[in-house]
1. What's the number of the only condition in (1) within 22 Å of the chain's Cα centre (by Cα); (2) within 21 Å of Gly294 (Cα to Cα) that Ala73 fails to meet?
2. Taking only region 276-297 into account, find how many residues are assigned to a helix (DSSP H, G or I) and not β-branched (Val, Ile, Thr).
3. Please verify whether region 24-31 includes one or more residues that are buried (at least 19 other Cβ atoms within 10 Å of the Cβ) and of a type in the set (Gly, Ala, Ser).
4. Please specify each residue of region 229-271 satisfying the condition of being among the small types (Gly, Ala, Ser) and under 24 Å from the mean Cα position of the chain (by Cα).
5. Inside region 230-267, can you point out the residues that are under 20 Å from Val186 (Cβ atoms), in a strand (DSSP E or B) and either open to solvent by 70 Å² or more (accessible area, probe 1.4 Å) or touching a Gly at 6+ places or on another chain (Cβ under 9 Å) (or both)?
6. Could you check Leu18 against (1) touching an Asp or Glu at 6+ places or on another chain (Cβ under 6 Å); (2) open to solvent by 50 Å² or more (accessible area, probe 1.4 Å) and say which number it fails?
7. Which residue pairs have Cβ atoms closer than 7 Å, lie 6 or more positions apart in sequence or on different chains, and pair a first residue in region 46-58 that is under 21 Å from Ile109 (Cβ atoms) and open to solvent by less than 50 Å² (accessible area, probe 1.4 Å) with a second residue that is at pLDDT below 95 and in a helix (DSSP H, G or I)?
8. Within region 41-55, can one find any residue that is among the aliphatic types (A, V, I, L, M) and either closer than 24 Å to Arg118 by Cβ or within 26 Å of the chain's Cα centre (by Cα) (or both)?
Amino acid sequence: MNGSQRRVRVLIVDDSALVRQVLTDILTSDGHIEVVGVAGDPYVAREKIKQLNPDVITLDVEMPRMDGITFLANLMRLRPMPVVMVSSLTQPGADVTLSALELGAVDFISKPKLDVARGLGGYAEELVAKVRMAATARVRTASTRSGPSAPAAVQAAPLVMARVRTTDRLLAIGASTGGTEAIREVLALLPADAPPTLITQHIPEAFSAAFADRLDRASAMRVSQAVHGEQILPGHAYVAPGNQHLRVKRSGARFICRLDGGDPVNRHRPSVDVLFESVAHEIGINAIGVLLTGMGADGADGLKRMRDAGAPTIAQDEATSVVWGMPGEAVRRGGADEVLPLGRIAARVIELSEG
């Protein structure tokens with residue numbers, strides 16, 4: 001590490017002394033990170049934030065005296081800063097973690113229910129990468145977002161429904177870090193008869209169903225987790241299940257969802273590149289590609305394939321992205337026809353669907 005580079009200063013907040021020690025060992029093993037303090041509950045954490053002024057906080061979801069969500073909500077209201085949630089791989093853990101992302105947490109990492117020390121050790125590379133990324137991320141709290149709340153969006157959708165004509169268009173959306181909220185904002189502004197939409201978001205298997213349910217509540221469209229072999233229909237959105245690639249496949253005059261557990265691509269399963277490349281091959285010029293906020297480069301080549309096949313393509317701009325990794329790389333590789341702020345993407349999709 002260059003001596004002039006300042007290390008990322010991290011505060012670990014977790015009620016388990018074992019987890020605090022394991023997280024400390026993992027993070028301090030990276031030369032770019034310094035653990036400046038630990039806290040066993042949010043009240044101690046609040047004082048240590050004032051004293052230590054950390055760059056990033058890792059925050060446990062379930063803690064005594066004050067739960068992690070309540071603490072996060074207060075933190076984002078009073079002192080917004082990058083937070084990486086540490087949650088359990090359970091259904092309740094998924095719901096709470098998605099709520100944390102809505103409040104403004106940058107990302108999350110899941111801890112195993114059993115053998116925590118060994119399990120977290122297996123996540124070392126991911127944890128280090130996410131903490132380092134969080135230090136450079138743009139924190140977007142609920143109050144700073146441009147999109148409407150879910151009820152307002154669903155209520156407003158019928159006002160623009162008449163503008164969308166039935167076409168052969170298909171919308172493909174890919175995202176990673178910051179994407180759960182970015183996708184929700186886009187879908188909340190699309191009408192009930194929007195083009196069929198396929199979504200790949202980097203998310204664990206235990207979380208993807210809860211994510212699809214959350215999108216369904218926010219959208220006038222019908223949103224569900226994709227099922228292998230099901231027909232792709234207008235007004236429906238299909239979310240790739242965690243740990244499975246999602247592709248579109250032509251079957252006679254219909255298009256269907258195809259799921260598989262093939263090798264990870266760009267270290268991800270589901271992979272955005274897998275989705276986009278299948279859309280480029282099967283749909284071509286009648287597709288629309290949208291690549292949203294995310295760490296890394298997954299989806300950049302796929303968006304370029306879609307553009308080369310004649311499909312209009314959109315990358316989210318840097319100013320509204322939590323992390324401008326994936327969309328930024330797509331722009332650099334020539335994959336984006338347009339670079340738009342998040343709040344304008346849905347309207348542009350509607351315009352393209354009318355053509």
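The values are calculated or read from the model by the stated rules, or taken from the named source; none is laboratory data. On a predicted model such as this, the values are computed, not experimentally measured, just so you know. All Cβ positions, even for glycine, are placed from backbone atoms using ideal geometry, and neighbour counts span all protein chains on display. Side chains are part of the model used for accessible areas, which takes the heavy atoms of the whole protein and leaves out ligands, DNA and RNA. Shrake-Rupley method; radii C 1.70, N 1.55, O 1.52, S 1.80 Å.
1. Here Ala73 clears every test but (2).
2. As a first pass, look at region 276-297 and keep what is assigned to a helix (DSSP H, G or I): 276-282, 284-286.
Then keep just the ones that are not β-branched (Val, Ile, Thr); that gives 276-278, 280-282, 284, 286.
Adding up the residues that qualify gives 8.
3. no
4. Filtering region 229-271 down to residues among the small types (Gly, Ala, Ser) leaves 229, 235, 237, 240, 242, 251-253, 261-262, 271.
Of everything in region 229-271, those that are among the small types (Gly, Ala, Ser) and under 24 Å from the mean Cα position of the chain (by Cα) turn out to be Gly235, Ala237, Ala240, Gly242, Gly261, Gly262, Ser271.
5. Passing the criteria: only Cys257.
6. The single condition Leu18 does not satisfy is (1).
7. Thr58/Leu23
8. No, region 41-55 has no match at all.
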